[in-house]
Every structure is written in structure tokens, then in C-alpha cells.
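The values are calculated or read from the model by the stated rules, or taken from the named source; none is laboratory data. Note that this is a predicted model, so its numbers are computed, not measured. In this analysis, Cβ positions are derived from the backbone assuming ideal geometry, glycine residues included, and neighbour counts consider all displayed protein chains.
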Amino acid sequence: MIYQTTIEPRYSETDQMGIIYHANYIVWFEIARTKLMDIMDFRYADVEAKGFFFPVLKVEARYHKPATYGKPVTVSCIISKYTGVRICYEYEVRDELTNELLVTGYSESGVTDQTMRVTNLAKAYPEFDQAIRKYHDQCKEYKLEIGSR
């Protein structure tokens, strides 16, 4: 199962040429990642209230074609790898009307406690660990354009 969300690019997200500013794609990745957690019934705020955090360790974006103001895009997100202490995501941004690939991306987040010590979710929060593993297993049949890592 691939999680997808639609983004309506705002004028404030564009540069002088009417093209979406490159850093905004990273924000769109975060929107998809956050909504993915919501559909797993684990909201970020609730998980953080339990003392777990997910600092971003790495993020990449490859720009194929620009998104522009006024043209909705679909952001897809899958969990491509999960170890209990690290979660890897892959993303695609496509023109919603033409399905043309615009941007591909990848991010890795660690799992920590409030003191930023690495924490294994399987031991510390097994319900959330099981939800991530279930979703990750469902994602194994999908490969986004970024390719497998």
C-alpha cells in the first residue's frame, strides 16, 4: 500500500519564475510522512508525548521537472526500510493531472527517547513497532521511481 496525499501548491511556495522553490518539496515529504503516521493510528504528537522522537538523519531530493503554482501534485510515501531504530521513507511527487514524475526523494529518521538516545521501538513501544512493520511489509511490493536502496 502506498500512502498518497494531494498538495495544492500555494503562490507563496514559488520563486520569481512561478516554480515551486526546491526546499518546499522537503516540507511536502514531511506532510506525507505525518499523514502516513495518522493512517497507522499513531499521530506524531501522541507518540512524542510518550517520549519518542524521530530526528531526520538524511534527506535527499532529485528534481526531474518543476511543479508550478496552480497545478495540484500527488505526494506518495512508502516505508522502504525499518530496523526498529531507523525508519527509511521514499517519496514521489507527481503532477496530479498528467501523472508526470516531478521529484523523487528519500529520508531516514532515527528513533530516540527524550534525551536523544537511540531507542528500539520493538522493546520500548511494541504496539507502534508492530504498526510500522505491518505497513512496511505492505510496502515491499511497491517500488517508487527512486528505486530500491
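So here's what we get for this one:
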{"quantity": "Residue within segment 49-72 that is at pLDDT below 90, among the hydrophobic types (A, V, I, L, M, F, W, C) and crowded, with 16+ Cβ neighbours inside 10 Å present", "calculated": "no"}
{"quantity": "Residues of segment 9-29 satisfying the condition of being within 20 Å of C77 (Cβ to Cβ) and crowded, with 16+ Cβ neighbours inside 10 Å", "calculated": "P9, E13, I20, N24, Y25, I26, W28, F29"}
{"quantity": "Condition met for F42 (buried (at least 17 other Cβ atoms within 10 Å of the Cβ) and more than 16 Å from the chain's Cα centre (by Cα))", "calculated": "no"}
{"quantity": "Matching option when the condition is under 21 Å from C139 (Cβ atoms), of a type outside the set (G, A, S) and exposed (fewer than 14 other Cβ atoms within 10 Å of the Cβ), among T6, T34", "calculated": "T6"}
{"quantity": "Members of segment 66-112 found to be of a type in the set (D, E) and either in contact (Cβ under 8 Å) with a residue 40 or more places away in the chain or at positive phi (or both), listed by number", "calculated": "E90, E92, E96, E108"}
{"quantity": "Hits in segment 28-47 (condition: closer than 20 Å to Y106 by Cα and either of a type in the set (K, R) or free of Cβ contacts under 8 Å to residues at least 12 places away in the same chain (or both))", "calculated": "E30, R33, T34, K35, M37, D38, Y44"}
{"quantity": "Unique residue being within 23 Å of H22 (Cβ to Cβ) and of a type in the set (V, I, T) when the list is T119, T68", "calculated": "T68"}
{"quantity": "Count of residues meeting criterion [of a type in the set (A, V, I, L, M, F, W, C), under 30 Å from G84 (Cα atoms) and out of contact with any Phe, Trp or Tyr (no Cβ under 7 Å at 6 or more places or on another chain)] in segment 2-58", "calculated": "11"}
{"quantity": "Selected residue (only one of K134, K81 is under 16 Å from the mean Cα position of the chain (by Cα) and not aliphatic (A, V, I, L, M))", "calculated": "K81"}
{"quantity": "Every residue from segment 89-121 that is under 26 Å from S76 (Cα atoms) and not in a strand (DSSP E or B)", "calculated": "E96, L97, T98, N99, E100, V111, L121"}
{"quantity": "Any hit, segment 6-24, residues being in contact (Cβ under 8 Å) with a residue 60 or more places away in the chain, of a type in the set (V, I, T) and either more than 17 Å from Y135 (Cα to Cα) or in a helix (DSSP H, G or I) (or both)", "calculated": "yes"}
